[in-house]
Amino acid sequence: MSTDTAPDTFSSRRAGHRPRGNDLAFTVVITVICAAVLFTTLYPLYFVLIASISDPTAVSTGKVSLLPKNISFFGYQQIFEDSRIWTGYRNTLIYSVVGTALNLAVTLPAAYALSRREFRPRRPLMLMFAFTMFFSGGLIPTYLLYKDLGLLDNWLVFILPSALNVFNLIIARAFFENSLPEELFEAAMIDGVDYFRFFTTIALPLSKALISVIGLYYLVQHWNDFFTGLIFVRDYDKQPLQIVLRDILLSNQAFSGGAGGAGGSGGAYGQRYADQIKYGVIIVSTLPVIILYPFLQKYFEKGVLIGSVKG
């Protein structure tokens with residue numbers, strides 16, 4: 001009797017606990033749910049893209065949903081004909097590249113030092129870093145401090161005050177603590193490797209995922225930095241892209257509102273194309289980061305989770 005049932009038991013184990021029909025249904029349900037979530041996430045951005053090249057009248061009347069109508073690049077033409085936008089792009093690229101390089105140069109060594117258990121002051125230092133996440137001096141003291149330091153109307157105001165993000169420091173510290181085996185460090189010490197050389201020749205090459213994710217965080221932070229330019233910079237030649245796009249958008253809205261207030265047909269014309277320029281401004285400000293993200297996506301999940309799981 002046991003001989004007859006053995007093949008059945010073996011075949012059932014090979015087939016799995018769940019019947020094949022249930023597996024297929026489960027896969028279909030998960031696929032549908034994921035597709036719905038993906039559509040819900042991407043459709044707003046897709047709508048902004050097609051609205052920026054569609055006839056503003058068709059957009060305002062709800063005729064644009066999946067495909068653009070009466071394609072027009074008037075909004076982009078108005079945006080890129082403004083010479084200020086190239087200045088803004090140049091400034092933002094400089095602030096983003098230089099700022100991200102400085103951020104990584106500060107965050108990674110600090111996180112590595114704080115991850116070493118033999119570094120005795122690491123707990124008090126982490127408490128001091130964490131304190132800054134919840135408490136700050138406020139806007140007016142910050143403004144006065146920047147003034148005394150000579151950072152007002154200085155391009156360094158976009159880089160130096162944000163040289164370290166405590167949240168990214170915590171992620172990097174957890175990565176170095178939990179993902180680099182202590183035996184690796186001990187073996188390197190036996191071979192005569194000091195702390196600095198271990199960090200540069202062993203820890204950093206093994207931290208590509210972390211560097212990619214932290215670098216992306218910092219890059220997006222600098223790219224979207226709007227408040228710094230609005231408060232601390234008056235020289236228009238030093239303004240970032242976000243401020244330039246804001247001024248272009250406000251100038252078009254002021255034109256459409258002023259003309260509309262006069263009661264002429266120019267007001268409706270101006271308002272229609274002001275909406276198209278608004279959608280174009282959104283695409284111009286977000287497209288570079290969206291293009292960059294797929295190249296770093298393979299590192300993104302690994303870099304975020306690998307430092308948060310022990311074992």
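The values are calculated or read from the model by the stated rules, or taken from the named source; none is laboratory data. What you see is a predicted model; the values in this text were computed from it and never measured. For neighbour counting, all protein chains shown are included, and Cβ atoms are generated from backbone atoms with ideal geometry for every residue, glycine included. Only protein heavy atoms, including side chains, enter the accessible area calculation; ligands, DNA and RNA are left aside. Shrake-Rupley method; radii C 1.70, N 1.55, O 1.52, S 1.80 Å.
Across the range 212-228, not a single residue is classified as surrounded by fewer than 20 Cβ atoms within 10 Å (Cβ to Cβ) and among the charged types (D, E, K, R). Of all residues in the range 143-183, those that are over 20 Å from I231 (Cα atoms) and assigned to a helix (DSSP H, G or I) total 16.
For the range 21-119, give me every one of the helices (runs of 4 or more DSSP H) that falls completely inside it and has 3 or more residues that are open to solvent by less than 50 Å² (accessible area, probe 1.4 Å), at pLDDT below 85 and not aromatic (F, W, Y). Passing ranges, in order: 56-60. Within the range 184-209, the set of residues being touching a residue at least 24 places away in the same chain (Cβ under 8 Å) and either over 24 Å from the mean Cα position of the chain (by Cα) or not in a helix (DSSP H, G or I) (or both) comprises Y195, F199, A203, L204.
Looking across the range 229-245, the residues that are modelled with pLDDT of 85 or more, buried (at least 16 other Cβ atoms within 10 Å of the Cβ) and part of a helix (DSSP H, G or I) come down to G229, F232, K238, L241, Q242, I243, V244.
For (1) open to solvent by less than 60 Å² (accessible area, probe 1.4 Å); (2) over 30 Å from the mean Cα position of the chain (by Cα); (3) modelled with pLDDT under 75; (4) hydroxyl-bearing (S, T, Y), each residue gets a yes or a no:
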residue	(1), (2), (3), (4)
N252	yes, no, yes, no
G257	yes, yes, yes, no
G263	no, yes, yes, no
A268	yes, yes, yes, no
A274	yes, no, no, no
P288	yes, no, no, no
I291	no, no, no, no
P294	no, no, no, no
